[in-house]
Amino acid sequence: MFTLNPQSGIPIYKQLIDQVRLLVAGGQLKAGAELPSVRELALTHAVNPMTISKAYSLLEAEGLLERQRGKPMTVAAQAHSKESKTDRLHRLQPQAEQLAHAAKQLQLSTEDVLGLVRRAMEKDHD
Amino acid sequence: MTEDVLNIEGLHKRFADKAVLKGISASVQRGDVVGLLGLNGAGKTTLLETALGFALPDAGSVNLFGSDCALLVDEKLKHKIGFVPQQDELLPQMKGSEYLALIAQFYPGWNHALIGRLADEWQIPLSTIIQKLSLGQRQKLSILSALGHEPELLVLDEPVASLDPVARRQFLKEIVTLASSGARTVLFSTHIVSDLERVASRVWVMKDGGLLVDDALDNLKERTVRLRVPADARLPAGFQDAGILHRRTEHGMQVLTLSQWSDDHHQRLHQAGLQPLVEPLSLEDIFLELHA
């Protein structure tokens, strides 16, 4: 369900938070959907359980996830409405800036880069 | 919640004319999984052995479970601790099963079911004489012999050095299981940074007998970054508080490694009209930067 890369410079809890947010924003995780338990995720990925529970707690604090005693973590009811397009686009801002920066270093034109992005999007669709 | 399982204070230790520990203070809290890194000879083994009372410090104090008596004389304390030394202390003439049975006799609460299951999963040939086992098999057996009494504090000195990737992953999952309870504490040294990166909640980095890093792994990763700005860029005044570890020029860019990076620094660069490229670093890169 999640892709966690412990060797990344991004802490594991942050990777998990970002992915849950994206899945909820994109509508793949709907209100009421159950998340794997802390122990299950920690064992599957062989990572420290505290880093998973830290991510869950922070997502709970921001209202995206809900916890009921003795039950799995679920996506909160309020989180059901898919985010607006503007908000979803805003999430890609950092990656867009990085791409633009790299493109300038490589002296590529806007058209070239847009073509590349289009092809990547189409490929991901297949 | 934040109960110290181990507390060391101003630890000094010297062997002949070489100072090995130079005033180390640190603590381990219940539920922590602490990974200890350091070059060969940095003092990791001495630190672990002194912390457990196998060696006496020249100065400073060790407090284990709120008690300052040396482990060697306190039976009760001994039962709370499991230790896997770098060089195993198995008895070579015995079969693995005989050795485990011998160790189990010392501990009334020995968990035979757990050890049976792990011996099976880790594929340790228990009916073979120990001296005929491979190094990796001996290491697994040595770890098992420290797990059976379900110690509250498990200390391991390079436990996976001889293990293959499959065995290492099995070992890591066992650490995750231990950590899941929140009540068990693990302190282990290793050279395999990627293992530590998975299971450690906290990182200690030793260098030349001192403790260079003592931080939560997440914090360490968040505040250690590589930054790229144009070579002629002028950093805002007071930017040194970002903890500049190194600075070099590469293909017309200034490359800085920072140890105290924060959002505040990012904003200050933006305000100075700079658009830095910020690269988070893996623990291996952080370790290398600390030793560059």
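The numbers here are math on the coordinates, done by the rules we state, and not lab data. Being a predicted model, the structure only gives us computed values, none of them experimental. Heads up, the Cβs are rebuilt from the backbone with ideal geometry, glycines too, and the neighbour counts pull from every protein chain shown.
Only Lys, Arg, Asp and Glu count, each charged at its Cβ (+1, +1, -1, -1), so figure out the dipole size of chain B about its Cα centre, rounded to 20 debye. Can you show the working numbers first?
Values: 29 positive and 37 negative charges, 83 e Å.
Dipole of chain B, to the nearest 20 debye: 400 debye.
Output the relative contact order of region B:152-254, whole-number percent, from Cα pairs under 8 angstrom with separation of 6+ residues. Display every interim value, and only then the final one.
Numbers: 82 pairs, mean separation 21.0, N = 103.
With pairs under 8 Å counted, the relative contact order is 20 percent.
What's the magnitude of the charge dipole for chain A around its Cα centre, counting Lys and Arg as +1 and Asp and Glu as -1 at the beta-carbon? Answer in Debye, nearest 20. Walk me through the intermediate numbers first.
Working: 16 positive and 14 negative charges, 58 e Å.
The calculated dipole for chain A is roughly 280 debye.
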- Query: In the structure shown, do any of A:Lys14/B:Lys173; B:Lys44/B:Lys95; B:Lys95/B:Lys140; B:Lys44/B:Lys78; B:Lys78/B:Lys140; A:Lys30/A:Lys71 have a Cα-Cα gap over 24 Å, and if so which?
  - Reply: B:Lys44/B:Lys95
- Item | Those aspartates and glutamates that a straight Cα-Cα span of less than 18 Å connects to A:Lys54, excepting residues fewer than 8 apart in one chain | A:Asp18, A:Glu34, A:Glu40, A:Glu62, A:Glu66, B:Asp32, B:Glu197, B:Asp215, B:Asp218, B:Glu222
- Run the numbers on chain B and let me know its relative contact order in percent, using alpha-carbon pairs under 8 Å that are six or more apart. 20
- Query: When chain B is treated as a GNM, springs tying every alpha-carbon pair under 10 Å, which of B:Met94, B:Met206, B:Met253 comes out with the largest mean-square fluctuation?
  - Reply: B:Met253
- Task: Mind pulling up the Rg/Rh value for the protein assembly as shown? Radius of gyration and Kirkwood radius, both on Cα.
- Result: 1.02
- Could you let me know the centre-to-centre spacing of region A:21-39 and region B:222-292, using Cα atoms, in angstrom? 35
- Query: Can you give me the relative contact order of region B:2-62 as a percent, contacts being Cα pairs under 8 Å and 6 or more apart?
  - Reply: 42
- Sorted by chain and then number, the residues having a modelled amide H within less than 5 Å of the amide H of B:Val20, at least 5 places away or on another chain, are B:Lys13, B:Arg14, B:Phe15
- Item | Residue with peak Gaussian network fluctuation, chain B [Cα springs, cutoff 10 Å], from B:Phe83, B:Phe171, B:Phe15 | B:Phe15
- Task: Would you work out which of B:Phe171, B:Gln131, B:Leu154 lies farthest towards the positive end of the dipole of region B:108-264, given +1 charges on the beta-carbon of Lys and Arg and -1 on that of Asp and Glu, about the Cα centre?
- Result: B:Gln131
- For region B:109-132 and region B:153-208, distance of Cα centres in Å: 20
- Message: Using Cα springs under 10 Å in a Gaussian network model of chain B, which residue among B:Ser162, B:Ser127, B:Ser67 shows the largest mean-square fluctuation?
- Response: B:Ser127
- Item | Charge dipole (debye, nearest 20) of region A:52-125; +1 at Cβ of Lys and Arg, -1 at Cβ of Asp and Glu | 280
